[in-house]
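Colleague: The structure follows.
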Amino acid sequence: MKKQGTSERPTGGARTAAAGVPVQVTAEGRTRHEVARLLLEQGPMSAVAVAEALGISPTAVRRHLDALLGDDEAETRHAPRRGPRGRGRPAKLFLLTEQGRARFGHAYDDLAVSAIRFLAEHAGEDAVRAFAERRVAALVEPHREAITRSDDPADRAEALATALTREGYAASTREVGAGEQLCQHHCPVAHVAAEFPQLCEAETEAFAQLLGTHVQRLATIARGDAACTTHVPADSPPGMQGRTSNGGTTA
């Protein structure tokens, strides 16, 4: 990937040593958590790429990947072929399942879903929409100045990825054709958004306003995809350039 949002490494998730438990078990748990964290932040990766990124042996990485597969925390897919079709099997890529993402936290999902259901039943769909817009505004508003500092959609997309990573979304950008793809490899509210897509819709609209261009949501974790992917075109359409420098969000 071309650009990676600045990320604070998670401090939770590693096992702690208990009385009578060898320290080696704790080290194994920490390394496995790092392997899972890398898959979370970078998306589908080969075992060799994971080993290079973490600076550990491919044999050790495969042991941890096999354990994640055995616990249904990871799954595999074949890498897309590029160029002439060669001999041999296509490379195998590893990515986290929904169960694997859960180790990084989906706290209070049931409570949140129940609360929004209550809101929808007693105040209507407009209230759910207003809640979604208010939530995404609170998420991105502290980063508005940093994101809108440039008029270039690609620069804004990179700044937005950095902001989202700081908010726990493990985001990055990469060049794709005539534009950028903004990828969010983790979504703390994915389970809630699966039932209430208004959260994703409000987020997409807020991104368009911040980036100063029309954007297209291509995939979401809430729908079962490996990442939330948003296409950001290279050129802003007439009337959008600079639109968000002083404007508000959808809230």
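The values are calculated or read from the model by the stated rules, or taken from the named source; none is laboratory data. Keep in mind it's a predicted model, so treat the numbers as computed, not measured. Cβ sites come from the backbone with ideal geometry, for glycine too, and all protein chains shown count toward neighbours. The protein model used for the area step is the full one, side chains on, heavy atoms only, and it has no ligands, DNA or RNA in it. Shrake-Rupley method; radii C 1.70, N 1.55, O 1.52, S 1.80 Å.
Colleague: How far apart, in nm, are the 7 Å Cα→Cβ label points at GLU121 and GLU145?
Modeller: 4.4
Colleague: Taking amide hydrogens as modeled 1.01 Å from N in the peptide plane, which residues meet the under 5 Å criterion relative to ALA219, leaving out close sequence neighbours?
Modeller: THR229
Colleague: Something else about it: How many percent of the accessible area of the stretch 148-187 is carbon or sulfur, using a 1.4 Å probe?
Modeller: The C+S portion of the solvent-accessible surface of the stretch 148-187 is 38 percent.
Colleague: Could I ask something else about it? Just grab the label-to-label distance for ASP71 and ASP155, each label 7 Å out from Cα along the Cβ direction, in nm (one decimal).
Modeller: About 4.3 nm separates the two model spin labels.
Colleague: Can you give me the % of accessible surface on the stretch 99-146 that is carbon or sulfur? Probe 1.4 Å, all protein chains present, nothing else counted.
Modeller: 56
Colleague: Follow-up. Over the alpha carbons of the stretch 121-209, what is the largest minus smallest coordinate on each principal axis, giving the biggest first in Å?
Modeller: Here the Cα extents, ordered largest to smallest, are 43, 24, 23 Å.
Colleague: Per residue, how much accessible area does the stretch 66-220 show when a 1.4 Å probe rolls over the protein heavy atoms, in square angstrom?
Modeller: Accessible surface, normalised per residue, equals 52 Å².
Colleague: Calculate, for VAL176 and THR97, the FRET efficiency according to 1/(1 + (r/R0)^6) with r their C-beta to C-beta distance and R0 35 Å; round to the nearest 0.05.
Modeller: Values: r = 25 Å, r/R0 = 0.71.
Efficiency, rounded to the nearest 0.05: 0.90.
Colleague: Over what distance in Å are the Cα centres of the stretch 172-205 and the stretch 93-140 separated?
Modeller: 13
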